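Heads up: the structure comes next, in structure tokens.
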Amino acid sequence: MYNSNGNSSNPTITDTNKNNYNDPEGQIFAIVGTGGHNTLFNFTGKADYIVEQYYGFGFLNLDVINGGTTFSTISAKFYANDGTVKDKFTITKSSISS
């Protein structure tokens, strides 16, 4: 997504694929706020540009594959504390030659 219309609460969605992003135009944000204290806060809604929301504790594992040669890929998996995968996605960017 990117903010082309001047309204940061209503960004332009550049790709509707939820798991694989190839040379995305805008930014992809992974906000993982499940660590820390033993209290979670309920979600009050979900904006159109939010792909997934998980209510529970866990962690996001990121792997960088083939970093910098012809292309770079980030493979991400969010694991709940019980070890189950709750979300996963990849981001692949072609390298830019100068």
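None of the figures in this text is laboratory data; all of them are computed from the coordinates on show. This structure is a prediction, so every number in the text was calculated from the model and none was measured. In this analysis, Cβ positions are derived from the backbone assuming ideal geometry, glycine residues included, and neighbour counts consider all displayed protein chains.
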Legend entry - Cα→Cβ-extended label distance, 7 Å offset, between residue 84 and residue 32, nm: 1.9 nm
Legend entry - In sequence order, calculated HN-Hα J values of the stretch 75-80 (Karplus, 6.51, -1.76, 1.60; Hz; x Gly/Pro): 10, 10, 9, 9, 9, 6
Legend entry - Extension gain from residue 66 to residue 20, taking 0.36 nm per residue of separation minus the Cα-Cα distance: 14.9 nm
Legend entry - Burial ordering of 73, 44, fewest other beta-carbon atoms within 10 Å first: 44, 73
